[in-house]
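Enquirer: I have a structure here, written as structure tokens, and I will follow up with some questions on it.
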Amino acid sequence: MLDTLKMRVMCGVTAAAVAIGSLACPVMVWADDDDDILEDLLDLSDEEIIILDRLTDSDMDGDIDEDDVDAISTLITVSSLAEADRRYEAEREAQRRAEEAAQAALAAQRSAEQRAAQAEAALAAQRKAEEEARKARVTGVWVSSTDVTLTPGQTYQITAGVKPDSARNRGVRFSTSDWNVASVDGSGVIRGNRVGSCYITATTDDGGYTARTYVRVNPAPAVAAQTIAQDSNWTGAAANLILTAAPGAVINLMAPKAMSFDMAMINAMVMRPDVGLLIAYPYNGHVYTMAVPAGYNLVSKMDKNGKVSFLSLAAVKDGKIKVTMVQ
């Protein structure tokens, strides 16, 4: 474009443009004729018109020539470069702001995702805690026996436990509806006190859930008191008393010495598992009583002769045979 414009200047087109009024300072101009000037002006491009509008006699040589075109072109190029720099910087600033906005949006999204994850974790922890608390709560109680029959002075052990097995507080306390009839201790041992009936109640410490055991206290069975001769006569008479005793009776026997149960007496006890024995006998200058509970397995205690001696039975440490020195 500059080469073309220079040629136009040399041909007089520029001078004509100045003559028309584009330039402020007076210069020497010439042209072939007016028609040629107008024709060349009509052919100028927008860029050439801009340069022509800014042309001056920059080198002060009295005319406008190609040197002046070069000078103004340099100024326009510098201005264009400055404008390009401004545009570049503006574009970079816009890009930087766009990147910052994108990073801020990404950070906000990550923060929202993190908060959502934390909220979900907190909800899961809360649900887990609620489930653990639900499992730890007591929902009921059970007792090992719901119906017990005793006689005055007799005891019976019941146990109680909470539901479910995962419950944390497993405390249970016992109470009775009538202490005169039957009492109960903290471990669930019931004791018959007098004839009648009542309820033993197990209550959970957590939730106050209850379960009841019905207790009836019946009169003690009649005791048959007999003195029997020793040895086979004694055991035979004792066997007969056992076989003919009232249901649930306790046979009270007096032996002249520490003897042995023979097969007749052992078989009688097997046939009447509801009958108990209370035997008094002298031994080493003292009198002892030996209580044999109803249903006790004397067969398992027989020696090779098929007998069970008082002394061997008294030495049994099973918590069932009770021997007491009375004098």
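Enquirer: Of all alpha-carbon pairs in the stretch 140-217, indicate the percentage at a distance above 21 angstrom. Walk me through the intermediate numbers first.
Expert: Values: 705 of 3003 pairs.
The calculated P(r) of the stretch 140-217 puts 23 percent of pairs beyond 21 Å.
Enquirer: May I pose another question? If the chain between Arg216 and Met263 were fully stretched, how many nm would it gain, using 0.36 nm times the residue separation less the Cα-Cα distance? The partial results should precede the final answer.
Expert: Values: separation 47, 0.36 × 47 = 16.92 nm, distance 3.65 nm.
In short, 13.3 nm is gained.
Enquirer: Using a basic spin-label model with each label point 7 Å from the Cα along Cα→Cβ, how many nm lie between Lys322 and Arg87?
Expert: It works out to 11.7 nm between the two label points.
Enquirer: Rounded to the nearest angstrom and ordered from largest down, what semi-axes does the equivalent ellipsoid of the stretch 216-327 get from its C-alpha gyration tensor (root of 5λ)?
Expert: On the way: eigenvalues 76, 55, 45 Å².
Each semi-axis is √(5λ); the values are 20, 17, 15 Å.
Enquirer: May I pose another question? Under 5 Å between amide H atoms, partner at least 5 residues away or on a different chain: which partners does Ser145 have, H built in plane at 1.01 Å?
Expert: Thr159
Enquirer: Taking every pair of Cα atoms in the stretch 153-274, average 1/r, invert it to obtain the Kirkwood radius, and report Rg/Rh to two decimals. It would help to have the intermediate numbers written out before the result.
Expert: Values: Rg = 21.5 Å, Rh = 17.7 Å.
Taking Rg over the Kirkwood Rh, I get 1.21.
Computed from the coordinates by the stated procedures, all read-outs in this text should not be read as laboratory data. This one's a predicted model, so the numbers in the text were calculated from it and none came from an experiment. Reconstructed Cβ throughout: ideal geometry from the backbone, glycine too, with neighbour counts over all protein chains shown.
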